[in-house]
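Nothing in this text is a laboratory measurement; each read-out follows from the coordinates by a stated rule. Keep in mind it's a predicted model, so treat the numbers as computed, not measured. All Cβ positions, even for glycine, are placed from backbone atoms using ideal geometry, and neighbour counts span all protein chains on display.
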Amino acid sequence: MKTLVLYGSARKKGITRSMLDILLAEMGDSAGTVEEIDCYRTDVAPCIDCRYCWKKRGCSIKDEMQEIYPKMDAADNIIVASPVYFHSIPGKMKVLIDRFQVFWASEVRKDKPLHSTKRGAALFVGGAPAFEHQFLGAELVIGGLFKDYSTQNLGYVTFANSDRERVSDSPETLAQLKELAERFRI
């Protein structure tokens, strides 16, 4: 079993890291080998819509994505952990996600897997107090990634008001992380 984490926080020891560490600890052995891609510490250029991926399963831009694609392919589980900036994922993570256009293009190339072969979930953190649709933008982006990559979406755990509260003080969030870890075991 292999778990790939797409980590989207600029802060190495913030609330997003806290949630991710709790989830991975709850997953225990079911996480298998865990590898992390830190979006803030990768050199990935934005998609240029050259449509190379419409014809070939790959990308014309030769950068760190050439190392990330095989890691995505090898993963059984994909976990996205990200803060939410202005109602969506941060720019550094969005650049990386946009480069997964190669997976969407499988529809055009006619080589998309017929069945879900992977499982995915996401953790989102917002600094503001909770409000309606606070995480919707991030959920749409990551939900689209999972759909385009034939990944079964096991769900999202969100945590609002992180500017004032900690995950460890939220029994509800801790329970949701435990429940999500359990879904990975099934």
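Per-residue 3J(HN,Hα) values for the stretch 140-150, derived from phi via the Karplus relation 6.51 cos²θ - 1.76 cosθ + 1.60 with θ = phi - 60°, read 5, 5, 6, x, x, 4, 4, 5, 5, 9, 6 Hz in sequence order (x marks Gly and Pro). The order of the peptides 140-151, 73-84 by mean Cβ neighbours within 10 Å, most packed first, is 73-84, 140-151. Under the convention that each Lys and Arg Cβ holds +1 and each Asp and Glu Cβ holds -1, the size of the dipole of the chain around its Cα centre is about 600 debye. Between the amide H of Val80 and those of Leu6, Ala121, Ala122, Leu123, distances stay under 5 Å, these residues lying 5 or more places away or on another chain, with hydrogens modeled in the peptide plane. When you filter the GluC sites (Glu not before Pro) in the stretch 106-144 for DSSP loop state and at most 15 other Cβ atoms inside 10 Å of their Cβ, you are left with Glu132. Projecting the Cα positions of Asn153, Phe100, His87 onto the charge dipole of the chain (unit charges on Cβ atoms of Lys, Arg, Asp and Glu, taken about the Cα centre) puts Phe100 furthest along the positive direction. Residues considered: Val108, Val167, Val125. Largest GNM mean-square fluctuation over the chain, using C-alpha springs under 10 Å, is found at Val108. Using only Cα atoms, locate the centre of the stretch 96-130 and the centre of the stretch 52-88, then give the distance between them in Å, rounded to an integer. What the calculation gives is 8 Å, centre to centre.
Helical content of the chain, expressed as a calculated mean residue ellipticity at 222 nm, amounts to -10500 deg cm²/dmol (DSSP H runs of 4 or more residues, -39,500 (n - 2.57) each, divided by residue number, nearest 500). Based on every Cα atom in the stretch 79-131, Rg and the maximum pairwise Cα distance Dmax equal 14.5, 44 Å. Computed from the C-alpha gyration tensor, the three semi-axes of the ellipsoid equivalent to the stretch 115-168 are 26, 12, 6 Å, from longest to shortest. Across the stretch 70-80, computed HN-Hα scalar couplings (Karplus, 6.51 cos²θ - 1.76 cosθ + 1.60, θ = phi - 60°) run x, 5, 4, 4, 7, 6, 8, 10, 10, 10, 9 Hz from first to last residue, x flagging Gly and Pro.
Inverting the mean 1/r over all pairs of different Cα atoms, compute the Kirkwood radius of the stretch 2-185 and quote it in Å.
The answer is 16.8 Å.
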